[in-house]
Amino acid sequence: VQLQASGGGLVQAGGSLRLSCTASESIFGINNMAWYRQAPGKQRELVATISRGGIPNYADSVKGRFTISRDNAKNTVYLQMNSLKPEDTAVYYCRVLTDTLVVYWGQGTQVTVSS
């Protein structure tokens, strides 16, 4: 497995979860890292991205609630999710883009927010 994601689960509205995704050492030249999500019956959407230098960008729907961060020494990207809402329920996927424009996807982790 080249991208291993973890941290999903079931949480009540208003709660928090932290997702992690670690890239294997076989992936070289990691540049941009990101989290996407896909809810049932909907298209996959971008949640947040972070550059190699740590500059984040967020979808409007999660601004102020989610924080993306990364540890380059560990090839790991995190997504801290606070004030979760039922509409945040989805499968969350991590994505890595390398310097040579190769894209890797993680296997997805389920996040379910109950009302």
* **DSSP beta bridges in the chain [antiparallel fraction, %, rounded to 5]** => 90
* Structure fact -> The rounded separation in angstrom of the Cα centers of region 76-115 and region 33-51 is 6
* Charge context of TYR93, other residues only, Cβ under 9 angstrom, K/R +1, D/E -1 -> +3
* **Surface per residue (accessible, 1.4 Å probe) for the chain, Å²** => 53
* **Proximal aspartates and glutamates relative to LYS63, as straight alpha-carbon distance under 15 Å, when same-chain residues fewer than 8 apart are discounted** => GLU45, GLU87, ASP88
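Note down the relative contact order for region 1-70 as a percent, whole number, built from C-alpha pairs under 8 angstrom at least six residues apart.
Here the relative contact order equals 20 percent.
The values are calculated or read from the model by the stated rules, or taken from the named source; none is laboratory data. These numbers come from a predicted model, not from an experiment. Counting neighbours? That spans all protein chains shown, and the Cβs are built from the backbone with ideal geometry, glycine included. Ligands, DNA and RNA are stripped out before the accessible areas are found, and what is left, the full protein with its side chains, is counted by its heavy atoms. Shrake-Rupley method; radii C 1.70, N 1.55, O 1.52, S 1.80 Å.
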